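Data block below; observations after.
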Amino acid sequence: MSPTQAIALRQRLENHVRAAFAAAGLDPALGAVDVSRRPELCQFQCNGAMAAAKAARRNPRELATAVVAALAGVEMIAAVTVEGPGFINLLATDAAIVEATRDLAADPRLGVAPASPPRRILVDFGGPNVAKAMHVGHLRSSIIGDTLQRVLRFAGHDVVGDIHLGDWGLPMGMLIAEIERADPAAPWFAPGAHGPFPAQSPVTIEDLERLYPQAAQRAKDDPAFREAARRATAELQSGRPGYRALWDHFIAVSVGALRGEFARLNVAFDLWDGESTVNDRIAPMVARMRVAGHVEISEGAEIVRVAREGDQKEIPPLILVKSDGGAMYGTTDLATIEARAEGRFDESLYVVDQRQHLHFEQVFRASRLAGISGGMAMEHVGFGTVNGPDGKPFRTRAGGVMKLGDLITMATDEALKRLAEAGLAEDAGEEEKREVARVVGISALRFADLVNHRLSDYVFNLERFTRFEGKTGPYLVYTAVRARSLLDKAAERGFAPGALHAPGAEAERRLMLLMHGFCDAIAATIDKRAPNILCEWAFLFAQEFNSFYQACHVLSEKDEALRASRLRLVEASLAILDRVFALVGIERPARM
Ligand code: ARG
């Protein structure tokens, strides 16, 4: 028998309150119940009487009193009062709290209703550029995008994550030109050559990482090289076989390295598509747009005007085709929209630096104007910058670029220090210690990024992120490991979790109550595309769990039924923390 979907406590109360609004002749939609922000005063609150009074031009206290009267006899309510101008404060009975918590603990979805109807959602995130080292913007995109895709999937949506590699622009032509410069006689460069070309890549990832900055510098200094790079880009895009064969190697080598790096960060993509994937769509798409009259010539380039009357700020036209015939970043994005709309996505989310907001506004407008996006919704999920202590975008080495691998190594080293300071993982061997540190380090990186609202900038500070106290990933991991070890100790002594009983202490009651906030945190995270909401909730929950652990005897509890009940609560709390970890991409070491 599969357990039925648990209805969280707030929802149960809300169902009653809505019915009471209706019974009092008011709009039941106004009977929304919130968890009280001041748990010391009351558990739940409904502020709907004020809005109802406004609509009906009546006295809010009177209406609230009528609602309270209609709630008389509801068994799960221990107390309900009208406060101030017309707030309705509610207290659930312990019996109702226990019953709802029992259901929640038995529900693998932890009270989260499956999305109905499920939507087909594409999440465009990560977005690294081939051969160029990733920067912190790509790190944020990866962590936020990956978390959103996990949360949406858990909620029951049909989600496809696409890395959308930057693999088709001028940097590709620069690499080709740079390699040609060093070895002009190589088979890729023979004019008119059709192959077959060497199956062995002439470059390693290290070569690419060295060659790209070198070429970029050369392009700055040398107009002739710049021109050669531009021409190589155009020829690559129009399919010159030798260039394509060489470029295939760039992609294979880069993707190989990227796969490893992303796996280390617990980030996964369903699609490894890129700008190049839609190359064949570009010419027909542009031709159609010309015929439909959406394209204008301006200074030799073809543009789409996307400004609208009433725009608050100027929205410049989208450049579709440059004067040299080359496609732009926005052109590949438009063609990608066409492909995704054909792929029957209901929605396409772009988890990309907020500084690209205007770009997406232009692209979305152009796609709607030209009827490319069909019924697909599109949304830019922007994010702020990660800064170094100097307030400038963070870099790992003096002036140098950030490599994901270096970053993870740094986080692991820092976590090792924190573990030693806290006296954790002391009995572990070197290898296990390093593995625990890796898990803790990743938890630090991911949580620190996610706990800030995505649009805020934050300062990269590994020392702070890896602390075991405070609002950090390691604090959450430590809390969960502690819960696991408590359950293991109980099992060693032959104590098993049993039926949940009425809370014996306030800390226990609060922990039970807070559990029911998980589904609301998930809903709000999805609604606002804001994983910080889930992280904030998880932090509160870990704190509440630790308060419970301090205030209540578990293993040392003499009353057998109470002990079994508390073990059940620990087990349920761990299940919730583990679920959060699975959603934010954090692992839990077996011990530490
Ligand atoms: N490669 C781009 C960059 O590094 C990010 C790609 C974002 N996705 C997109 N569909 N434009 O800025």
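Some points to look at:
- Cα-based helix-to-principal-axis angle, 241-264 vs the chain, degrees rounded to 10: 20 degrees
- HN-Hα J in Hz across the range 416-425 - Karplus 6.51, -1.76, 1.60, θ = phi - 60°, x for Gly and Pro: 4, 4, 4, 4, 5, 4, 7, x, 9, 6
- Share antiparallel - DSSP beta bridges, the chain, percent rounded to 5: 50 percent
- If you wrap the range 391-514 in the convex hull of its Cα atoms and look at it from every side, the mean projected area works out to 11.1 nm².
- Figure legend: label point modelled 7 angstrom from the Cα of residue 422 along Cα→Cβ; residues of the range 469-492 with amide N under 18 Å from it are 469-487.
- Cα centroid of the range 266-305 to Cα centroid of the range 111-157, whole Å: 23 Å
- Taken along the Cα-to-beta-carbon direction at a fixed 7 Å, the label points for residue 5 and residue 591 span 4.1 nm.
- Rounded to 10°, Cα long-axis angle of helix 223-237 versus longest principal axis of the chain: 70 degrees
- Extension gain, residue 305 to residue 186: 0.36 nm times the residue separation minus the Cα-Cα distance gives 38.5 nm.
- Put simply, when 18-26, 174-182 are sorted by average Cβ atoms within 10 angstrom per residue, most first, you get 174-182, 18-26.
- A dipole drawn for the range 203-297 from +1 and -1 charges on Cβ atoms has a positive end, and of 215, 251, 294 the residue lying farthest that way is 294.
- Stokes-Einstein diffusion for the range 165-283, with the hydrodynamic radius set to the Kirkwood value over Cα pairs and evaluated at 4 °C in a medium of 1.567 mPa s, equals 86 µm²/s.
- Length released on extending from residue 19 to residue 324, taking residue separation times 0.36 nm less the Cα-Cα span: 103.1 nm
- Point-charge dipole on Cβ atoms (K/R +1, D/E -1) for the range 331-481, about Cα centre, debye to 20: 420 debye
- Paired Rg and Dmax values of the range 489-541, which use every Cα atom, in angstrom: 15.3, 46
- Whole-Hz ³J(HN,Hα) from phi, Karplus 6.51 cos²θ - 1.76 cosθ + 1.60, for the range 320-326, glycine and proline x: 8, 9, 6, 4, 8, x, x
- Between helix 60-70 and the chain: long-axis angle, C-alpha atoms, 0 to 90°, nearest 10: 70 degrees
- Whole-percent carbon and sulfur share, accessible surface of the range 105-177, 1.4 Å: 59 percent
- For residue 377, residues with placed amide H under 5 Å, excluding near neighbours: 347, 348
- Share of carbon and sulfur in the accessible area of the range 294-423 stands at 50%, probe radius 1.4 Å.
- When shorter helices are ignored and each DSSP H run of at least 4 residues is given -39500 (n - 2.57), the per-residue value for the chain at 222 nm works out to -17000 deg cm²/dmol.
- For the range 1-81, alpha-carbon Rg relative to the globular expectation (2.2 N^0.38 Å, N residues): 1.16
- In this structure the chain gives 44 Å² per residue of accessible area when probed at 1.4 Å with all protein chains present.
- Heavy-atom SASA rank of 264, 281 (probe 1.4 Å, accessible area, largest first): 264, 281
- Here the range 233-287 is treated with +1 on each Lys and Arg Cβ and -1 on each Asp and Glu Cβ, and its dipole about the Cα centre works out to around 100 debye.
- The simple Förster model, with R0 at 56 Å and r as the Cβ-Cβ distance, assigns residue 200 and residue 32 a FRET efficiency of 0.30.
- Cα centroid of the range 66-104 to Cα centroid of the range 338-388, whole Å: 44 Å
- Coupling constants for the range 147-158 follow from the phi torsions by the Karplus curve (6.51 cos²θ - 1.76 cosθ + 1.60, θ = phi - 60°), and in residue order they are 5, 4, 5, 5, 5, 4, 5, 4, 6, x, 7, 9 Hz; glycine and proline get x.
- Counting only Cβ charges, +1 for Lys and Arg and -1 for Asp and Glu, the dipole size of the chain around its Cα centre is about 800 debye.
- Using a cutoff of 8 angstrom between alpha carbon atoms and counting only pairs six or more residues apart, the relative contact order for the chain works out to 14 percent.
- Evaluated at q = 0.15, 0.29, 0.31 Å⁻¹, a Debye calculation over the C-alpha positions of the range 426-485 (equal weights, vacuum) places log10 I(q)/I(0) at -0.48, -1.23, -1.28.
- Options 380, 91, 416, ranked by Cα towards positive dipole end of the chain, top entry (Cβ charges): 91
- Under conditions of 20 °C and 1.002 mPa s, the range 482-592 yields 146 µm² s⁻¹ as its translational diffusion coefficient, taking Rh as the Kirkwood radius over Cα pairs in the Stokes-Einstein equation.
- Calculated SAXS-style log₁₀ I(q)/I(0) at q = 0.06, 0.12 Å⁻¹ - the chain, Debye, Cα scatterers: -0.41, -1.23
- The largest-to-smallest principal axis extents of the Cα set in the range 171-214 are 29, 18, 16 Å.
- At full extension, residue 288 and residue 115 could sit 58.6 nm farther apart than now, given 0.36 nm per residue minus the alpha carbon distance.
- Pairs exceeding 26 Å between alpha-carbon atoms, taken from 313/403; 132/392; 322/528; 132/528: 313/403; 322/528; 132/528.
The values are calculated or read from the model by the stated rules, or taken from the named source; none is laboratory data. Predicted model only: the values in this text are computed from it and were never measured. As a convention, Cβ positions derive from the backbone with ideal geometry for all residues, glycine included, and neighbour counts pool all protein chains shown. The accessibility values were calculated without ligands, DNA or RNA, using every heavy atom of the protein model including side chains. Shrake-Rupley method; radii C 1.70, N 1.55, O 1.52, S 1.80 Å.
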